[in-house]
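The values are calculated or read from the model by the stated rules, or taken from the named source; none is laboratory data. Just so it is clear, the structure is predicted and the values come from calculations on it, not from any experiment. Note that each Cβ is placed from the backbone with ideal geometry, even for glycine, and that neighbours are counted across all protein chains shown.
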Amino acid sequence: MILLDTDHLTVFTDARDARHRHLNQRLEAAADEVACSIVSVDEVLRGSLAIIHQLRDVHRQIPAYLRLGQLFDVLSDWQIVPFNEPAADQFADLRRQRIRIGAMDL
């Protein structure tokens, strides 16, 4: 399984990103299933909705809503890895170690 983090999920779902084509080709060439975590889905959704709500002109919201729809299309084909009890335990253990990275990356 290839588990994409939030940055890669964003690149994969944004055809405007210069890295999109290369990432897409690499994932297509891989024989593994592609997945992402529910935490990454949360982060991308929050970012997408924040952009939409900042745009007061409804016509400027159209591309943002199209990208949000594309995200759902992509995710419908992928496994979404849950944030469950074992994941929460691992998160708590890493946090206790005071590793210097952001909470969402733990």
_Just to check your reading of the model, which residue among Arg21, Arg16 is outside any helix (DSSP H, G or I) and farther than 15 Å from Leu3 by Cα?_
Arg16
*Can you confirm whether segment 48-55 contains a residue that is among the hydroxyl-bearing types (Ser, Thr, Tyr) and either surrounded by 11 or more Cβ atoms within 10 Å (Cβ to Cβ) or farther than 23 Å from Asp17 by Cα (or both)?*
yes
*Is one or more of the residues making up segment 79-97 exposed (fewer than 10 other Cβ atoms within 10 Å of the Cβ), under 19 Å from the mean Cα position of the chain (by Cα) and part of a helix (DSSP H, G or I)?*
no
*Would you call Phe72 assigned to a loop (DSSP other than H, G, I, E, B) and at pLDDT 90 or above?*
no
*asked:* For segment 27-44, give me each residue that is in a helix (DSSP H, G or I), surrounded by 11 or more Cβ atoms within 10 Å (Cβ to Cβ) and modelled with pLDDT of 90 or more.
replied: Ile38, Val39, Ser40, Val41, Asp42, Glu43, Val44
*asked:* For segment 1-26, give me each residue that is crowded, with 17+ Cβ neighbours inside 10 Å and under 14 Å from Asp77 (Cβ atoms).
replied: Leu4, Leu9, Phe12, Thr13
*Evaluate segment 49-62: report whether one residue or more is under 16 Å from Ile2 (Cβ atoms) and modelled with pLDDT of 90 or more.*
no
